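Note sheet for the following structure.
The values are calculated or read from the model by the stated rules, or taken from the named source; none is laboratory data. Here the structure is a predicted model, which is why all the values come from computation and not from measurement. FYI the Cβ positions are ideal-geometry reconstructions off the backbone, even for glycines, and counts take in every protein chain you see.
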Amino acid sequence: MAWTAEPRRAADGGGLRYPPDRTDAEWALVAPMIRLAMHGVRQLLSLGMGRDHQALRHHTGRGALLALLLVLSSCASDIQQAPVGAQAGMSDAGPPAPSNPARDYVVATWNVAWATRRSDTIPPTAREFVRSPATWRRTQDFAIGLGADIVALQEVDGVPIARLLLPPSAGFGGWRTTATDGPNETQRVVLVTRSGIPVQVQPDVSSIGGGFLRSGLDSTIMLDARPLRVLVLHLKAFCNRGQLTPTPPSGDCEQLARQVPHIVAWIEARRAEGTAYMVLGDFNRELGESGDEVWRAFRQADPELRLIQQRETGNCPAGNGGIDNILLGGPAAGWVVAGSQRGIPLPAPSGAIGLLSDHCPLRLTLRPR
C-alpha cells in the first residue's frame, strides 16, 4: 500500500498518550483471533509465557499465535516510544509496576480409586471401578476439567495412567511417581505438572512405605523462580479418626501411627529451611476433627501450618469426607487466593458411565509472592 494521505490518517495516533503501532482497523482484524485459554480468567499476556505456552499452542490455532505476537510487539513498541521515566515505571500513573507480577497456579489433589487397566488386580469389593471405555473417557474429561496446573493423584497405576488422565495434548508435561514402590503396586501416587513448570526430583520418603504402604513422593517445583517443596501422600486407611492407640488395638491405626513421625520430621526440616512447602493427598484421616492427634503432631512441628480440608460429599461415599487434605507451610501458607479452596463434586453415574471415584477432588489457587 502506498503511504498516501488516506493510510496516514488511519495510522494517526494523535490525541493518545503514546502513539500506538496498531490502528483500530488492525485491532478489529486481530481481535477475533484472540481466544482465551481453556481455563479462562487467565491474563492474556501470561498465556504466551512460561508455563502456559504449551496450553496456548494446543488450544489455539496459528491465527491466535500470530495475534499474540502482534499484542506483544505492540507492547514493546509502546515502551520504546515512552519517555525515560515511563520506561522505568516512574510516571504520574502511580508507583512502578512489579517487574515479575504474581501469577496464579491451580493445585488439585484427587484419589481416582483403582485407576488401572489391570482389572484382575481390583478386589471383589471394588469391582465398580472396573471402568468401561466410556467411563475412562469421562474420568479423563473430569480430570482435565479440574483446570489445575499441579495435580497430586492417588490410586493410579503409575505414570501411564496419569498420562492417560492428564495427557500432553491438554498441556501437561511432567509426570513422576515414586521409585521405591514395587512395579506390581497399582495404587501409586503421581505428581502431574503443566508444561513449562520445572520440577526437581527429591528422594522418596520411603520410611512411610513398605509392604502395602506407599512411600511419599517428594519434589521441588519452581513457580516463577520461587521454589515450592511438595510432598504427595496416600497414608494408611481405616483409622479415619480417634486415637492412634485405641482400645482394643487396631493394626491400621498402629501402622498410621508409625507413618506420622516421618512426616513430622519432613515438616520440621522444611520449617528449619524456611522454604515454602505443601503436603497434599489422601491422608485417610479427618485432620479437621477437634483435637485430632495427627493434626496436633503436625502443628507441633510447625505452629503456622495451614490446613485446607475436603468437605465435599456430592456423589462421594459419606466415609470419605474430610480425609483428603492440603497442608501449606512457610511462605506458602500465605499464597492461597482467598475463597479459591473448594471440593469438586463428581458427576453422577449414568448409563454406560459408572462412578468415577469414591473421593471428590480438592482444589485451590496459589499466588506465589
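Keeping to the range 244-293, report how many residues are surrounded by fewer than 14 Cβ atoms within 10 Å (Cβ to Cβ), outside any loop (DSSP other than H, G, I, E, B) and in contact with a Cys (Cβ under 7 Å, 6 or more places away or on another chain).
Total meeting the criteria: 0.
Tell me, yes or no, whether the range 195-211 has at least one residue that is assigned to a loop (DSSP other than H, G, I, E, B), exposed (fewer than 14 other Cβ atoms within 10 Å of the Cβ) and of a type in the set (S, T, N, Q). Walk me through it before giving the result.
We begin by selecting, within the range 195-211, every residue assigned to a loop (DSSP other than H, G, I, E, B); these are 195-198, 202-204, 209, 211.
Subset that is exposed (fewer than 14 other Cβ atoms within 10 Å of the Cβ): 203, 211.
Applying the additional criterion that residues be of a type in the set (S, T, N, Q) yields none.
Checked the range 195-211: no residue is assigned to a loop (DSSP other than H, G, I, E, B), exposed (fewer than 14 other Cβ atoms within 10 Å of the Cβ) and of a type in the set (S, T, N, Q).
When the residues of the range 113-169 are narrowed to those that are assigned to a helix (DSSP H, G or I) and among the charged types (D, E, K, R), which ends up surrounded by the most Cβ atoms within 10 Å (Cβ to Cβ)?
In this case the residue turns out to be ARG138.
Please determine, by comparing only the residues of the range 199-249 that are over 24 Å from ALA265 (Cβ atoms) and out of contact with any helix residue (DSSP H, G or I) (no Cβ under 9 Å at 6 or more places or on another chain), which one is modelled with the highest pLDDT.
The selected residue is MET222.
Among the residues of the range 149-162, which ones are within 16 Å of the chain's Cα centre (by Cα) and within 23 Å of LEU235 (Cα to Cα)?
Within the range 149-162, the first condition is being within 16 Å of the chain's Cα centre (by Cα), and the residues that meet it are 149-154, 162.
Correct list: ILE150, VAL151, ALA152, LEU153, GLN154, ALA162.
Name the residue, out of GLY288, GLY242, that is closer than 28 Å to PRO361 by Cβ, out of contact with any Leu (no Cβ under 9 Å at 6 or more places or on another chain) and of a type in the set (Gly, Ala, Ser).
Working: GLY288 fails: out of contact with any Leu (no Cβ under 9 Å at 6 or more places or on another chain).
Answer to the selection: GLY242.
Looking only at the range 338-369, which residues are in contact with a Cys (Cβ under 9 Å, 6 or more places away or on another chain) and either surrounded by fewer than 19 Cβ atoms within 10 Å (Cβ to Cβ) or of a type in the set (Val, Ile, Thr) (or both)?
Here is the first cut: in the range 338-369, the residues in contact with a Cys (Cβ under 9 Å, 6 or more places away or on another chain) are 343-346, 357-360.
Passing the criteria: ILE344, PRO345.
Specify the residue that is surrounded by the fewest Cβ atoms within 10 Å (Cβ to Cβ); the eligible residues are those in the range 212-241 that are of a type in the set (Gly, Ala, Ser) and touching a residue at least 40 places away in the same chain (Cβ under 8 Å).
Applying the filter and picking the extreme gives ALA225.
Can you tell me which residue within the range 170-194, out of those that are among the polar types (S, T, N, Q) and assigned to a strand (DSSP E or B), is nearest to the chain's Cα centre (by Cα)?
At the first step, the residues of the range 170-194 found to be among the polar types (S, T, N, Q) are 177-178, 180, 184, 186-187, 193.
After this cut, where a residue has to be assigned to a strand (DSSP E or B) as well, the list is 177, 193.
Working: THR177: 16, THR193: 7 Å.
Out of the qualifying residues, it is THR193.
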